[in-house]
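These notes concern the structure reproduced below.
The numbers here are math on the coordinates, done by the rules we state, and not lab data. Bear in mind that the values here come from a model prediction, so they are computed numbers and not experimental data. Here the Cβ is made from the backbone with ideal geometry for all residues, glycine too, and neighbour counts use every protein chain on show.
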Amino acid sequence: MAIGSMFGISQRRAFRKLVGNSRGRLYRMAYAWTHNTHLADDIVQQTLCKALNNQRQLRDPGAAEAWLFRIMSNCLKDYHRAKREVLTDDELVIVDNKTPEYETEEQQLVDTVRQAVRNLPLPQCQVITLVDLEGFTYARVSEILEIPVGTVMSRLCRGRRALREFLTDIRPQTDERRKTNLTRVK
């Protein structure tokens, strides 16, 4: 059966628009999962192609975003199965109109948080980024990653605990550095 007979023109347009509008969110998530700009872009491209080629498999248009993230999760699983190698790190430079010192501190903070997320096992990283960064519900994350809701909750708890421990260990150094840079103005 042809796609045209299953979906009306307006439904196909709406679906293509949703897919196009989701690219940014998909890329952010793929980068958070892979820490590699090129790989993240490839995973997103593969996700979008699969979604457009298989749009007739989407049964509930209300769950389209979760469906896209599930496809992306599966694309990443396929990549790891095929490669079985450690991913390299890419550095992200944030450009801002603030002072160089502020930019440096901000970049160090971003790098520290990224390093903390990078240290998490992939299953915890996926759950943390989907829930805390993208705002998906536990049920949606369960659908996306095809795991039980209880597993989502336990991975989220363990991931947050690991992040808290890592960031707490480095916080005293950061606080001391900031105290020494403060000056008193009367």
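Spin-label pair Asp132-Ile9: with each label point 7 Å from Cα along the Cα-Cβ axis, the two points sit 4.7 nm from one another.
Counting neighbouring Cβ atoms within 10 Å and putting the fewest first, the residues His35, His80 line up as His80, His35. For segment 16-69, the convex hull drawn through the C-alpha positions has a volume of 66 cubic angstrom per residue.
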